[in-house]
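Undergrad: Handing you this structure, nothing more for now.
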Amino acid sequence: MNNLLHNLLDFNRYCIASTLIDRELVFYKYLIIMEYLDKRFPHPSLMLYYLAVRGERRLMMQHCRQNDCYNLMLNIEQLVAARMLTLSSATARRTASGAGL
């Protein structure tokens, strides 16, 4: 694992996992990687053909990235899991105290 991290640091000082190395070029932002691959290998296209739809998708990705929607979703999932655990513990205690009567 450390060797992999060292190799990644050799090419990408930010150590971002999504890194593309093609000849002397190194890309580490996923949108740039997608655009590069789309231009380098045009068929079949990775990006949508219609410019308006492509623009809408980019705006949506930018919005998610700026508002950190992914981390918010993880936080919500953790809160729900914690709440479910609390409820199941409370139910188990009630069941145990009812069984002792």
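Undergrad: Would you mind ranking 77, 35, 24 by Cβ crowding within 10 Å, fewest neighbours first?
TA: With the fewest neighbours first, 77, 35, 24 line up as 24, 77, 35.
Undergrad: Lys and Arg at +1, Asp and Glu at -1: add these up for the other residues within a Cβ distance under 12 Å of residue 36 and post the number.
TA: Details: positive: 23, 29, 39, 40; negative: 22, 35, 38.
Taking every other residue near residue 36 into account, the sum is +1.
Any read-out appearing in this document is the output of simple, stated calculations on the displayed coordinates, not a laboratory observation. Note that the structure is a prediction, hence the values are computed from the model and not measured. Using ideal geometry, Cβ is built from the backbone for each residue, glycine included, and neighbour counts are taken over all protein chains shown.
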